[in-house]
Amino acid sequence: MGNDAQPQTFVQKRVASIDALRGFDMFWIAGGERIIHAIYQVWPGAATRALDTQFEHVAWQGFRFYDLIFALFVFMMGVVLPFSLTRRMEKGANRGQLYRHVVQRFLTLFLFGLIYNGLLDFNIHQLRIPGVLQRIAICYFFAALVMMNTSIRGQAIVAGSILIVYWLIIKLVPVPGIGTAVLTPEHNLAGYIDHLIIPLKFCCYPGGDNEGLISNLPAISTCLLGVLAGHWLRSGKFTPNRKALGLAAAGVACLFVGWVWSFNFPIIKNIWSSTFVLWAGGWSLLLLALFYWIIDVKGYQRWSFYFKVIGMNSITIYMVDRFFDFGIITKVFLHGLMPVFGHLQPLVWSVSVIFTGWLFLYFLYRQKIFLRV
């Protein structure tokens, strides 16, 4: 696939930490943040307020934990790519079959994104085209093509070049009537292009779209950063401890470069700035290093089973949570008991609803039913 050759001593096996970290990430996407909000509601105070704030998106410039969630999922999709495409090759798939698989997965993810946005309501004139799954589909498609046609070094060059080119575009291309290098929510090049091409009613905020057009470019670099991490984990040249250390070192390096660069190009999730890629990528690498070291290197896996169940059906819970309220089932069992919990009711309810959703995924896990997009 154009990648540097892997040593013959490499033993193909599932890296448990990948599923666990993906599940940890999806836990928050599927409503885990409601538990944090409930904690603040039950025990209001400075500490719980600070925690609660981390589960709200920054309005524009800056970074909180909740801003990491989407980027981490894109990153983890990239981590899986070297494993999944290589596994298909080992099963006998030729290059043409791999391309068909990539195109099919792109179209399926994009379609799921449109369904998530309300395609089946058949209000086509109201349908929002961009979205989370649409961005994931685009990142997957281009990252897979880059991976299949370049070496590992080439993939790193492409990822870095995209970040530099995006920075230059945002800084140097003038916005009509505004000027160059303007980075406010209402006036910026990414938002201008969104307004120029996407009708305003399809946008998420007054300045453009959270998953807008040109901001897909740096998001591809987020995915490629995950691809590079996946290559590192697959490598048979290094010990597991060395791999964990390498991931952590790369994470620190990304954070440092992102921080320095942010004095010129701020960290802004809504336009997926190049510094946001590095800052979120740095934390993603550190989390992957931590999960990999604890689960795969040290062998402490039992605690991660809860997240593993989520991670192995991540798209399933994302789609189901959009159209089905697990609170309906939870209410059947708890509606008579809730008064017993007094002021703890918001917290008990949030935990119970999340657990109900997990039981649904656990049933699928036991039946070996996994949505493979």
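The values are calculated or read from the model by the stated rules, or taken from the named source; none is laboratory data. If you're wondering where the values come from, they're calculated on a predicted model, not measured in any experiment. Ideal geometry is used to build each Cβ from the backbone, glycine not excepted, and the neighbour counts take in all protein chains shown.
Is it the case that region 29-41 has a residue that's within 24 Å of G327 (Cα to Cα), more than 20 Å from the chain's Cα centre (by Cα) and either of a type in the set (S, T, N, Q) or surrounded by 22 or more Cβ atoms within 10 Å (Cβ to Cβ) (or both)? Checking region 29-41: at least one residue is within 24 Å of G327 (Cα to Cα), more than 20 Å from the chain's Cα centre (by Cα) and either of a type in the set (S, T, N, Q) or surrounded by 22 or more Cβ atoms within 10 Å (Cβ to Cβ) (or both). When region 50-70 is filtered for residues that are of a type in the set (S, T, Y) and more than 13 Å from I29 (Cβ to Cβ), only T53 remains. Taking the conditions exactly as written (of a type in the set (S, T, N, Q) and out of contact with any helix residue (DSSP H, G or I) (no Cβ under 9 Å at 6 or more places or on another chain)), does Q61 satisfy them or not? Judged against the criteria, Q61 is a match. Taking the criterion of being touching a strand residue (DSSP E or B) at 6+ places or on another chain (Cβ under 7 Å) and among the polar types (S, T, N, Q), the only residue of region 238-278 that qualifies is N270.
Going through (1) crowded, with 19+ Cβ neighbours inside 10 Å; (2) hydrophobic (A, V, I, L, M, F, W, C); (3) at pLDDT 95 or above one by one, A190 falls short only on (3).
List every residue pair whose Cβ atoms sit under 7 Å apart, with the two residues 6 or more apart in sequence or on different chains, where the first one lies in region 22-34 and is on the phi < 0 side of the Ramachandran plot and the second, anywhere, is of a type in the set (D, E, K, R). Going by the 7 Å Cβ cut-off, the qualifying pairs are G23/K308; A30/D321. Listed conditions (1) at pLDDT below 90; (2) among the aromatic types (F, W, Y); (3) more than 19 Å from L114 (Cα to Cα) are all met by W232, apart from (1). Scanning region 259-295 for residues that are in contact with a Gly (Cβ under 6 Å, 6 or more places away or on another chain) and among the aromatic types (F, W, Y) turns up just one, W279.
May I ask you to verify whether W293 is under 30 Å from V252 (Cβ atoms) and of a type in the set (A, V, I, L, M, F, W, C)? Step through it out loud before you land on a result.
Details: under 30 Å from V252 (Cβ atoms): yes; of a type in the set (A, V, I, L, M, F, W, C): yes.
So W293 fits the description; yes.
Out of Y300, Y292, I need the residue that is surrounded by fewer than 18 Cβ atoms within 10 Å (Cβ to Cβ), touching a helix residue (DSSP H, G or I) at 6+ places or on another chain (Cβ under 7 Å) and more than 27 Å from N149 (Cα to Cα). Which one? Talk me through it step by step, then tell me what you get.
On the way: Y292 fails: surrounded by fewer than 18 Cβ atoms within 10 Å (Cβ to Cβ).
Exactly one of Y300, Y292 is surrounded by fewer than 18 Cβ atoms within 10 Å (Cβ to Cβ), touching a helix residue (DSSP H, G or I) at 6+ places or on another chain (Cβ under 7 Å) and more than 27 Å from N149 (Cα to Cα), namely Y300.
Look at G226 and say whether it is touching a residue at least 40 places away in the same chain (Cβ under 8 Å) and assigned to a helix (DSSP H, G or I). So G226 fits the description; yes.
Per-residue answers, yes or no, for (1) in contact (Cβ under 8 Å) with a residue 40 or more places away in the chain; (2) under 21 Å from the mean Cα position of the chain (by Cα); (3) not in a helix (DSSP H, G or I):
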position: P266; (1), (2), (3): yes, yes, yes
position: W303; (1), (2), (3): no, no, no
position: Y306; (1), (2), (3): yes, yes, no
position: I329; (1), (2), (3): no, no, no
position: V348; (1), (2), (3): no, no, no
position: T356; (1), (2), (3): no, no, no
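Within region 84-93, identify whether any single residue is among the acidic types (D, E), at pLDDT 85 or above and either in contact with a Gly (Cβ under 9 Å, 6 or more places away or on another chain) or not in a loop (DSSP other than H, G, I, E, B) (or both), and answer yes or no. The answer is no; no qualifying residue exists.
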